[in-house]
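The values are calculated or read from the model by the stated rules, or taken from the named source; none is laboratory data. Nothing here was measured: the structure is a model prediction, and the numbers come from that model. With ideal geometry, Cβ positions are generated from the backbone for all residues, glycine too; neighbour counts draw on all protein chains shown.
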Amino acid sequence: MTERLVTCFLFFGNFSLQFCWNTYVLVFYCSSLEEIAFHRKSADFLWMLVCGAGMLLVLTYFFGNTYFVSGAMIDLMTYIWGRRNSAARMQVLFFNFRAPYLPWVLAWISLLMGGSVQDHLMGIAVGHTYYFFEDVYPLLPTSKGFRIFRTPRVLKL
């Protein structure tokens with residue numbers, strides 16, 4: 001039963017074009033985040049994945065009809081990547097846009113192809129929650145630098 005807590009983030013469906021696309025996007029943005037946004041902070045990157053996975057599991061519990069949240073995890077990573085690389089320009093199909101809009105564009109494409117946007121919205125919500133409390137809230141004067149998602153010392157060994 002506990003293996004489902006991990007495997008729900010790793011299942012992309014049967015081998016198909018969608019499977020290949022999801023795998024490519026996951027590997028590209030995961031490696032880009034670790035190399036650029038979390039450079040020399042592998043423990044912080046791991047903690048971001050753990051916190052994001054936990055929040056996705058909680059959302060899945062309340063919005064029950066989702067068994068696999070690998071798509072939401074991709075949107076979580078693309079959201080954080082887009083926010084931390086906000087000046088980057090992207091092109092999907094014939095549309096040019098800035099990087100922070102990437103998860104929204106992916107959700108829009110999924111909707112146009114007849115898919116559900118629930119996973120996309122969950123990933124975007126969790127990505128925004130992490131981004132806000134990690135990158136925006138600590139800079140506010142009232143926060144006094146407090147970080148909710150501070151990486152535990154045990155991971156930094």
Fill in the blank from the handout: Of the listed residues (PHE45, PHE62, PHE68), the one being in contact with a helix residue (DSSP H, G or I) (Cβ under 9 Å, 6 or more places away or on another chain), of a type in the set (Phe, Trp, Tyr) and within 18 Å of SER116 (Cβ to Cβ) is PHE68
Handout entry: Complete set of residues in region 4-31 that are modelled with pLDDT under 90 and among the polar types (S, T, N, Q)
Key = THR7, ASN14, SER16, GLN18, ASN22, THR23
Problem - Filter pass, ASN85 being over 24 Å from LEU57 (Cα atoms) and either touching a helix residue (DSSP H, G or I) at 6+ places or on another chain (Cβ under 6 Å) or of a type in the set (A, V, I, L, M) (or both) - result: yes
Fill in the blank from the handout: Per the filter on region 95-139, residues out of contact with any Pro (no Cβ under 8 Å at 6 or more places or on another chain), small (Gly, Ala, Ser) and buried (at least 19 other Cβ atoms within 10 Å of the Cβ) are ALA107
Problem - Filter result (polar (S, T, N, Q) and touching a Ser or Thr at 6+ places or on another chain (Cβ under 7 Å)) within region 43-78 - result: THR60, THR66
Practice task
Determine whether region 57-70 contains at least one residue that is free of Cβ contacts under 8 Å to residues at least 24 places away in the same chain and within 22 Å of THR23 (Cα to Cα).
Solution key: no
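Please verify whether VAL92 is without any contact (Cβ under 8 Å) to a residue 24 or more places away in the chain, surrounded by fewer than 18 Cβ atoms within 10 Å (Cβ to Cβ), closer than 20 Å to HIS128 by Cα and not small (Gly, Ala, Ser), treating the condition exactly as stated.
Against the criterion (without any contact (Cβ under 8 Å) to a residue 24 or more places away in the chain, surrounded by fewer than 18 Cβ atoms within 10 Å (Cβ to Cβ), closer than 20 Å to HIS128 by Cα and not small (Gly, Ala, Ser)), VAL92 does not qualify.
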Practice task
Identify the single condition in (1) closer than 25 Å to ASP44 by Cβ; (2) modelled with pLDDT of 85 or more; (3) of a type in the set (Lys, Arg) that ARG89 does not satisfy, given that it satisfies every other one.
Solution key: (1)
Practice task
State which residue is farthest from PHE132 (Cα to Cα) when the search covers only region 1-49 and only residues that are of a type in the set (Val, Ile, Thr) and surrounded by 13 or more Cβ atoms within 10 Å (Cβ to Cβ).
Solution key: THR23
Completion exercise
ASN14: passes all of (1) more than 13 Å from the chain's Cα centre (by Cα); (2) part of a helix (DSSP H, G or I) but (2)
Practice task
Among residues belonging to region 140-157 that are among the basic types (Lys, Arg) and touching a Pro at 6+ places or on another chain (Cβ under 9 Å), point out the one that is nearest to ARG40 (Cα to Cα).
Solution key: ARG147
Exercise for the section: Return the only residue of VAL25, VAL50, VAL58, VAL105 being farther than 24 Å from LEU155 by Cβ, assigned to a helix (DSSP H, G or I) and out of contact with any Phe, Trp or Tyr (no Cβ under 7 Å at 6 or more places or on another chain). Expected result: VAL25
